[in-house]
Structure formats: C-alpha cells, structure tokens
Amino acid sequence: MQRINDASHCRVIALVAGAGCGKTTLLLEAANADPRPVAWVPLTTSDDDPAALLARVAAALDEIEPISSRVRAQLTAPGIDFNSVRLPRLQHLLARRTLPFVLVLDDVHRLVHDEAIATIEAIIAATPDTSQVMVGTRDSSSLRLGAMRSRPNACVLDTADLLMTYDEASELLRRTGLDLDDDTVELLVERTEGWPVGLYLAGIALRDADDPRDAAARFAGDDRVVVDYLRDELIDQLSDETMDFLVGTSILEVLEGDVCDAVLATEGSAKRLESLEQANLLVMPLDRTRVRYRYHALLRDQLRAHLRRQDPDVERRLHGRASDWYAANGQFADAVAHARASGDDARFDALVWQAAPYLMGTGLTATVQGWLDTVAPDVVAQRPALAVTAAWSALTTRDSARLAYWVGMAERITGDPSLPDGTPLEGSVALLRALRGLHGLRAMRADARAAYDLHPPLSPFQSVARLLEGAAARLVGDDEAAVTLLREGADLGEMFVPATQSQCLAQLAAIAADGGDWRTAEQHVDDAVRIVGEYHLGDRGNQVEVLAVGAFV
C-alpha cells in the first residue's frame with residue numbers, strides 16, 4: 001500500500017501475481033484509499049470481444065463523468081476498423097476527461113484476443129496525467145509489463161512483493177482469531193512460503209484445532225495440499241444449508257442476489273452473500289456497494305468439483321436456470337455460456353440465433369464467432385441455426401470465401417429443417433443468396449421474394465428481403481414495383497432495422513432522381529441521412545450508398 005500511495009503520480013499500477021496473492025483485495029484497498037473517483041471493471045471472458053470491452057470501460061467512465069450517447073455509439077458502432085477508428089476514438093475520449101479518475105481493470109489475464117489486449121494498452125497510454133489505471137493480472141504476458149517496469153510513469157508489483165513477511169503473516173493470523181507463538185507463525189510462513197491465501201486458509205482452519213502447532217506442521221502451501229485442506233477443514237465443516245447454497249451457486253462467475261435466487265429457486269440470496277463475506281468464507285466483493293461478489297478460485301473449483309461428483313444432472317439443471325435468467329435480463333453472453341454448459345444443444349442454438357442479429361448489428365461479431373468456435377465445424381454444418389449464424393458472421397466481417405462456404409453448408413442440410421423461431425431454413429438461405437447476388441438480378445429478385453414469404457410476419461429479415469427485391473427490381477428497370485417494395489422495406493425497417501430503412505430510402509431517392517423528381521428525392525435523402533445520424537450508422541460499410549445518393553442529390 002505504501003508503494004501504491006507513493007506511486008499516485010504514475011499513469012499505471014500493475015499487480016502481476018498468481019491466484020491467492022491478494023491482487024483483488026489490494027486493488028479494493030487501494031481504490032478505497034484514493035481520493036479520486038473510481039471506475040471498477042472486473043473483467044470476464046465475455047470482455048475478450050473488443051467491442052464488449054470498450055462498452056464496459058465506457059459505461060464505467062460514464063458513471064464518473066457522463067459520456068454522450070453519440071460518443072459511446074461511435075466507440076461500439078459495428079463495421080468500422082478497430083485500429084484506425086475505434087482505438088483513436090477511445091484515446092480521444094480519455095484525453096478529454098476533465099475529472100481525474102482511477103480506472104481499475106481486474107483479471108486482465110482473462111483477455112487473450114489481440115485487439116482486446118491492444119485496447120487495454122491504448123487505455124493506459126491515453127490516460128491523462130491526473131488519472132491512473134490499476135491493473136490486476138495473473139499473467140505478465142497478457143500485457144507488455146516488462147517494458148513498463150523501466151518507465152517512470154509505471155509501478156509494477158509482482159508475486160514477490162505480495163508474499164507475506166513474518167510480521168504481515170502474524171497480523172493476518174491474529175485477525176483471523178488466532179493467538180499463535182512465534183515458532184508456529186514462522187512454521188506457517190515457511191509452509192506457505194508467504195502465500196497470502198494459504199496463510200488465510202490456515203488461519204481459518206487452525207481456529208478450531210486442538211493443537212494449532214501440530215495442525216500448522218501438517219499445513220502446506222502447494223495448490224494440491226491446500227485444496228485438500230480447504231475441503232477437509234473448511235468445506236466439510238459447513239452446515240448443509242450453507243453448503244447447498246455454495247455448491248449450487250458455484251456455477252456462476254459473478255454472484256448477485258437475483259441470479260442466485262433464480263438458480264436455486266429460492267429467495268434471500270443477497271443477504272446470504274453478505275453474511276458469507278462477513279464470515280470470511282472466501283466470498284469476495286467486486287464493488288464497494290457489495291452487490292456483486294465472487295468466490296475465491298480455490299473455493300469455487302472445490303465447490304464445482306463437489307457438484308459434479310454429486311449429480312451431473314443437477315449441475316446441468318442449474319446451468320439451465322442460469323441461462324434462462326441471463327437471457328430474460330438481456331445478458332446473452334452469459335446466457336449462451338450457461339446453455340453450452342448445460343449440454344442443451346437446442347437451448348444453445350436458440351439463444352445464439354436469438355442474440356446473433358442484435359450482437360452482430362452492434363459490433364459484437366467476435367462474441368458470436370466465439371460461441372460458434374466452441375462447436376466443431378462439422379457439427380455447426382449440421383445444425384441449421386449455427387450454420388446460418390456462421391454465414392451471417394462471415395457476411396458481417398466481409399469474408400466472402402467463408403460466407404460462400406457456410407451458405408453452401410446450410411444448403412446441404414437435408415430434411416425439412418427450420419430455425420428456432422420457426423423460419424424454414426430455406427428462407428434464410430434464400431436471403432443469403434440474394435445478398436450475395438452471384439446469379440444475376442432476376443435470381444436475386446426471386447431469392448429475395450422467397451425469403452420474404454418464408455420469414456414470419458414482421459420479422460426484421462423481411463425488411464432486408466424487401467430492400468434486396470426492390471433494388472433488383474430497380475436495376476432491371478421495373479421502377480413501379482421497386483417503389484412499392486422499397487416503401488414496404490422502409491416501413492418494416494423503421495420498426496426493426498434502421499440501417500435497412502435508410503438504405504431503402506436511398507434507393508427511393510435514386511429512383512426519384514432518375515425521374516427528375518428532385519423534391520421527392522431530397523425528402524428521401526433528408527430522412528435517410530437523419531436516420532444515419534440518429535442511430536450513429538455513418539461508419540457502417542452498408543451505408544455508403546446512402547451517403548453517395550445523398551451527395552448526388
């Protein structure tokens with residue numbers, strides 16, 4: 001803490017140490033001691049998607065100093081280059097912060113995506129001199145921390161700094177309720193090699209030992225022995241009610257009262273979490289308001305192993321409840337992860353299909369692709385929702401070869417398959433064929449019409465189908481039909497897909513301009529450009545025709 005206090009002028013403070021060294025505890029203590037407002041971002045694997053990470057950081061900073069909706073949308077808008085657009089925008093946002101702040105990024109080791117790591121490095125580089133970034137990570141390779149050590153504006157603490165000395169261990173053990181002689185404290189420091197969580201576990205376990213010195217002599221600091229000791233001396237001493245709660249909620253990465261209630265089909269979990277933390281049972285708060293918690297990794301792993309041994313069916317059922325709760329609350333990344341863990345392929349496919357259009361439409365294509373990557377490609381090719389989602393993912397990233405492959409795979413699925421929302425697979429395949437437009441305008445028009453008919457009424461995909469059919473009709477000279485189709489596409493787009501609405505209006509403006517009706521053309525252009533601005537669509541590649549027609553008119 002003294003080193004952190006002395007480094008208050010540094011742009012970054014990094015804690016690099018293994019599990020159980022007290023990184024999160026130290027970050028909490030340092031954040032509480034800092035007079036500047038703190039934005040706390042505990043990272044999870046969901047944040048490995050750069051767009052998701054940007055959104056999390058922006059939301060945290062917004063609580064300190066409001067960020068306009070326009071700027072936040074620019075940070076997360078889909079279809080724009082990460083290195084040349086998004087990162088510079090993030091750096092510009094940080095540079096313009098007027099209030100000093102501390103941004104805490106815990107568990108950075110959960111990020112492996114190059115662009116996610118680049119985002120963290122860009123945040124550090126752009127943080128104003130009056131502010132500070134605190135980083136907690138297990139893996140020094142997750143950031144270029146080696147180079148940081150030599151910089152005057154960086155402070156790096158590692159495992160050696162966090163291991164406990166005799167005096168620190170003595171204080172910790174005393175606070176757990178133990179009154180040990182010097183030799184026993186020294187023995188525990190030797191056994192644990194100063195590992196903080198090992199000492200903490202020892203303190204909890206030795207409180208009820210008849211012979212603390214003998215118990216200390218049997219205590220060891222390597223992971224396997226500590227885990228065994230944790231099971232024997234802590235878990236086995238818990239009441240059945242407490243154990244049931246811990247085991248049942250161990251499937252969750254982040255613990256909150258509502259989701260714990262849903263998983264266990266009970267009430268009162270928020271108060272129970274608070275009492276568990278107060279009892280020092282390795283339940284750690286993730287915020288200063290004590291709303292969100294996590295189990296220490298050692299405890300969580302033991303609880304999950306216990307659950308798996310107890311009844312795999314119960315584990316799958318708990319994951320299913322967690323998936324339902326996260327889906328109902330719009331947290332699709334967690335919903336899909338728990339659906340996958342539940343082993344329910346139908347649930348997994350349905351959630352991927354439900355969430356993919358929204359996520360890919362808001363720039364989170366990497367999240368969707370990450371879900372697909374958890375399933376073998378030959379299995380994806382056999383499951384309609386996944387095959388079509390893979391095709392849309394390829395379309396979003398403009399990977400024409402991969403798009404062709406997945407459209408081909410979807411076309412090969414036999415029988416009478418349908419998607420989770422009841423849409424016949426052929427409807428989605430027809431829409432993708434129309435989007436590719438490889439077989440001429442008349443085939444494109446026919447495919448788009450078939451896609452419209454096969455999708456359920458008021459489906460967002462119907463607006464895309466009308467756009468494609470109307471554009472094809474215009475290009476073959478059938479302006480009358482094109483106007484009717486594009487107006488319907490614009491109406492549907494207004495309800496569901498503003499990007500498609502603006503494209504339909506641009507096509508209508510072009511038709512009006514071709515006919516010399518400049519007033520109508522100008523009205524359509526004004527509406528289209530307004531939509532582009534209102535929904536922050538200007539960086540999307542599919543809006544280029546809107547801007548081009550607007551410039552022409």
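The values are calculated or read from the model by the stated rules, or taken from the named source; none is laboratory data. As the structure is a prediction and not an experimental result, all values here were calculated from the model. Note that each Cβ is placed from the backbone with ideal geometry, even for glycine, and that neighbours are counted across all protein chains shown. Surface accessibility is based on the protein's heavy atoms, side chains included, excluding ligands, DNA and RNA. Shrake-Rupley method; radii C 1.70, N 1.55, O 1.52, S 1.80 Å.
Peptides 251-258, 161-168 ranked from most to least packed give 251-258, 161-168, packing being the mean of other C-beta atoms within 10 angstrom over each peptide's residues. For residue 39, the residues 5 or more places off, or on other chains, whose built amide H falls under 5 Å of its own are 102, 103, 104.
Across all directions, the average flat footprint of the convex hull enclosing the Cα atoms of the stretch 401-553 is 9.3 nm².
Mean residue ellipticity at 222 nm, helices only, the chain: -19000 deg cm²/dmol; runs of at least 4 DSSP H residues each add -39,500 (n - 2.57), and the sum is divided by the number of residues. The stretch 120-142 and the stretch 283-312 have their alpha-carbon centroids 27 Å apart. For the stretch 512-545 versus the stretch 416-440, the inter-centroid distance based on Cα atoms is 28 Å. For the pair residue 241 and residue 373, a Förster radius of 35 Å applied to the C-beta separation gives a FRET efficiency near 0.30, rounded to the nearest 0.05. Carbon and sulfur atoms: what percent of the 1.4 Å accessible area of the stretch 307-405 do they account for? Ligands and nucleic acids excluded, carbon and sulfur reach 53 percent.
Could you order the peptides 412-419, 239-246 from most to least packed, using the average number of other C-beta atoms within 10 Å per residue?
Ranked by mean Cβ neighbours within 10 Å, highest first: 239-246, 412-419.
Which whole-number percent gives the relative contact order of the stretch 373-531, counting Cα pairs below 8 Å spaced six or more residues apart?
Values: 227 pairs, mean separation 20.3, N = 159.
Averaging sequence separation for qualifying contacts and normalising by length gives 13 percent for the stretch 373-531.
Treating each Cα of the stretch 1-102 as one equal point scatterer and applying the Debye formula with no solvent, the log10 of I(q)/I(0) at q = 0.20, 0.22 Å⁻¹ comes out as -1.15, -1.27.
Using a 1.4 angstrom probe, figure out how much accessible area the chain has per residue, in square angstrom, rounded to the nearest whole.
Details: 25000 Å² over 553 residues.
Here the per-residue accessible area is 45 Å².
State the label only: which of (i) 26.9; (ii) 21.4; (iii) 28.6 corresponds to mean projected area of the Cα convex hull in nm² computed from the shown model? Derived directly from the coordinates: (iii). The mean sequence distance of close C-alpha pairs (under 8 Å, at least 6 residues apart), as a share of the length of the chain, puts its relative contact order at 10 percent. Taking the protein heavy atoms of the stretch 1-114 in the context of the full set of protein chains, the accessible area attributed to carbon and sulfur is 52 percent at 1.4 Å. Report note on the peptides 454-460, 516-522: ranked by the mean count of other C-beta atoms within 10 Å, highest first, their order is 454-460, 516-522.
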